[in-house]
Amino acid sequence: MMKPILWYTLYKLAEFEAYKKNIKLSTVRLAELLEASQQTASRHLSELEKNGFILKQASFRGVEVSITKKGLEELGRIYIGLKNFLEGIPSQIILEGTLFSGFGEGSYYLGQKGYTLQIRRKLGFNPYPGTLNLKLSPSELRKKQELEMYPSLTIEGFMVDKRFFGKVRCFPAIINNVVNGAVILIKRTHYDESVLEVIAPVHLRKRFNLKEGSKVKIEVLIKTSTNLH
């Protein structure tokens, strides 16, 4: 978590599009923008770099700075927090993805009682042993990244035979306007962030006669997840 005092500095760097490219910016100029001393500006850059929010290197004109993925995600959290404060948390986010075959690990993990018992208690259904894997377009990925910043239900981690199974975040969802299920967000996964994993009490491929490349609509229920235990 970033120190609050550094947020504004990161924001000023973003104004110069440091999230897109390396920018050249002297600490004197940054100090003027922050209405602070040059020493303060230099210290802020050092702390942002130390915590992985920016990359910087010296140049003959001062420093070259770029915002990292971690820094951009932090700005996103700030944005979502302000948006929620000013507009309220949305009730839902609609996502659409393209079906593809995964690695087949979903059946193994959803066969663990540590997960299935919690899913039944917190989401109200016994999950079919497998996940539906959807590839998201860049525009849909941005909506997923926004979703990740909202409050969610948590399936706690547990130990089985000295092996640790990590916690999973989840949101209740409606698949293709018909089936109640959930979107799961897993911190450690073999998939990249453009993949959305969905669980349900039924075999979704058979229920909707889905094939590779089929489009699937997911209505993610955000406010509902904050009211369940």
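Observations on the model:
- Computed from label points 7 Å out along Cα-Cβ, the spacing between Ile78 and Arg163 is 4.2 nm.
- For peptides 207-213, 180-186, sequence by mean Cβ density within 10 Å, most packed first: 180-186, 207-213
- Approximating the spin labels as points 7 Å out from Cα along Cα→Cβ, the Ser42-to-Glu105 distance works out to 4.6 nm.
- Ordering Lys206, Lys167 by the number of other Cβ atoms within 10 Å of each residue's own Cβ, fewest first, gives Lys206, Lys167.
- Over the chain, relative contact order from alpha-carbon pairs under 8 Å, at least 6 apart, %: 20
- Pairwise FRET efficiency - Lys215 versus Lys3, Cβ, R0 = 35 Å, nearest 0.05: 0.20
- Distance (nanometres) between label positions extended 7 Å along Cα→Cβ at Glu64 and Leu34: 2.2
- A Förster distance of 30 Å, applied to the separation of the beta-carbon atoms of Gln57 and Arg142, puts the FRET efficiency at 0.55.
- Cross-link table Lys56/Lys135; Lys24/Lys187; Lys83/Lys167; Lys69/Lys187; Lys50/Lys83; Lys69/Lys113, entries beyond 24 Å C-alpha to C-alpha: Lys56/Lys135; Lys24/Lys187; Lys83/Lys167; Lys50/Lys83; Lys69/Lys113
- Residue-normalised convex hull volume from the C-alpha trace of the chain: 149 Å³ per residue.
- Full extension of the chain between Lys187 and Leu86 yields a length gain of 33.5 nm, computed as 0.36 nm times the residue separation minus the alpha carbon distance.
- Those lysines that a straight Cα-Cα span of less than 18 Å connects to Lys206, excepting residues fewer than 8 apart in one chain: Lys215, Lys217
- Rounded if a/c under 1.5, otherwise prolate or oblate - region 92-227, Cα gyration tensor axes: rounded
- When Ile199, Ile119, Ile89 are arranged by Cβ crowding within 10 Å, least crowded first, meaning fewest neighbours, the order is Ile89, Ile119, Ile199.
- Loop sites in region 94-199: chymotrypsin sites (Phe, Trp or Tyr not before Pro), DSSP, at most 12 other Cβ within 10 Å: Phe103
- For region 77-114, the residues whose backbone nitrogen is under 18 Å from a point 7 Å from the Cα of Asn126, taken along Cα to Cβ, are 107-114.
- Helix content alone sets the calculated 222 nm mean residue ellipticity of the chain: runs of n ≥ 4 DSSP H residues at -39500 (n - 2.57) each, divided across all residues, give -11000 deg cm²/dmol.
Every number here is computed from the coordinates shown, using simple stated rules; none is lab data. What you see is a predicted model; the values in this text were computed from it and never measured. When we count neighbours, we look across all protein chains shown, and the Cβ atoms used for this are built from the backbone with ideal geometry, even at glycine.
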